[in-house]
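Engineer: Sharing a structure below in structure tokens format, with a few things to ask.
Read the figures in this text as sums done on the coordinates, not as results from a lab. Values in this document were obtained by computation on a predicted structure and should not be read as measured data. Glycine gets a Cβ as well: all are built from the backbone with ideal geometry, and neighbour counts include every protein chain shown.
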Amino acid sequence: MLTRLRDRLADLLERPIVGRVLRLLGVAVVTAGVSGLGVYGVCNYHRFARVATVEVVGNHHASVVAVRHLADVHEGDALLLIDLNTVIRQVMRHPWVAEVEVERVYPGGLRVHVQEHEDVLLLSHAGHLYRVNPSGEVFLRARGDGLDRPVLTGLDDRLVEQYGPVARRIVLDALHILDLVGESGVIQPDDLSELHFDEALGFTLLLRNGGLLRFGFRDPAQQLLRLGVMARNGLDLSVPHHIDLDLDGLAVATPLSS
């Protein structure tokens, strides 16, 4: 009896249509199994993908410890459940940080890209120095190192607190002068020690060698052109001079005694 059943089954399997059906059923079973595993893996990946490292790149002034503290992401946190926008907002609280990007690095990493402010000017106000970026944003009180930037002076409390837009315009004008100085080639930004603003007299530039350039309220680009002409005609700017460029049609250079 068993022998006859075995022979009949073998005969059925040898038929082409039966073989094709069984092969299709086999593929379907395998596909379903793989798909099931894939769905299970996606749905449960967050249970297994855990933060192992938090990498901070692009930072210079903002320490890795400070950025990680603000990010508030810890080893063992579920990688896929981290709200990247929240991390960005928190890291942006650091005064040196201008922009932040955050990315997951599989299988268990988080990378925080930091772009810091560039301080190009120091603002003297109320007895303190503040760092200013190229956009004119005052972003941090200056302490410790990095105090070798030109200093903008002359903005008193009344001007800053009562006439904020005017004070900001003065800061932007000072930055514009710095840019023009760098482009002129007559003097270098590193030659500048101070940019002083006076409500009645305008801008005066103090050089590190003790020299003084009075620009007033006139176009600084034109003032630098006139200074360049004077230098080409023999004026030695390495020697301290008091140079008044805020005059109609002429400029006066007076050597300063050492």
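Engineer: Which cross-chain or sequence-distant (5 or more) residues have an amide H under 5 Å from the amide H of Leu207, H modelled 1.01 Å from N in plane?
Structural biologist: Ser193, Leu212, Leu213
Engineer: In whole Å, what is the distance between the alpha-carbon centres of the range 201-246 and the range 125-197?
Structural biologist: Cα centroid to Cα centroid, the span is 18 Å.
Engineer: Using Cα-Cα distances under 8 Å and only pairs 6 or more residues apart, what relative contact order does the range 121-255 have, in percent?
Structural biologist: On the way: 212 pairs, mean separation 21.8, N = 135.
Computed value for the range 121-255: 16 percent relative contact order.
Engineer: Return, for the Cα atoms of the range 121-255, the radius of gyration and Dmax in Å, separated by a comma.
Structural biologist: Rg and Dmax of the range 121-255, Cα atoms, are 14.9, 45 Å.
Engineer: Relative contact order, percent, of the range 109-191 when contacts are C-alpha pairs under 8 Å separated by at least 6 residues?
Structural biologist: Working: 93 pairs, mean separation 18.7, N = 83.
Relative contact order for the range 109-191 comes out at 23 percent.
Engineer: Note down the net charge around Glu99, summing +1 for each Lys or Arg and -1 for each Asp or Glu among other residues with Cβ under 15 Å from its Cβ. Spell out each step's value before the answer.
Structural biologist: Working: positive: Arg89, Arg93, Arg111; negative: Glu101, Glu103, Glu116, Glu118, Glu137.
Neighbour charge sum, excluding Glu99 itself: -2.
Engineer: Using amide H atoms built 1.01 Å from N in the peptide plane, name the residues 5+ places from Ala98, or on other chains, whose amide H lies under 5 Å from its own.
Structural biologist: For Ala98, the qualifying residues are Gln115, Glu116, His117.
Engineer: Quick one: compute a quarter of the convex hull surface over the Cα atoms of the range 72-125 and quote it in nm². Numbers along the way, then the final one.
Structural biologist: Values: hull surface 18.6 nm².
Average projection, Cα convex hull of the range 72-125: 4.6 nm².
Engineer: Taking amide hydrogens as modeled 1.01 Å from N in the peptide plane, which residues meet the under 5 Å criterion relative to Asn59, leaving out close sequence neighbours?
Structural biologist: So Asn59 has HN proximity to Val114.
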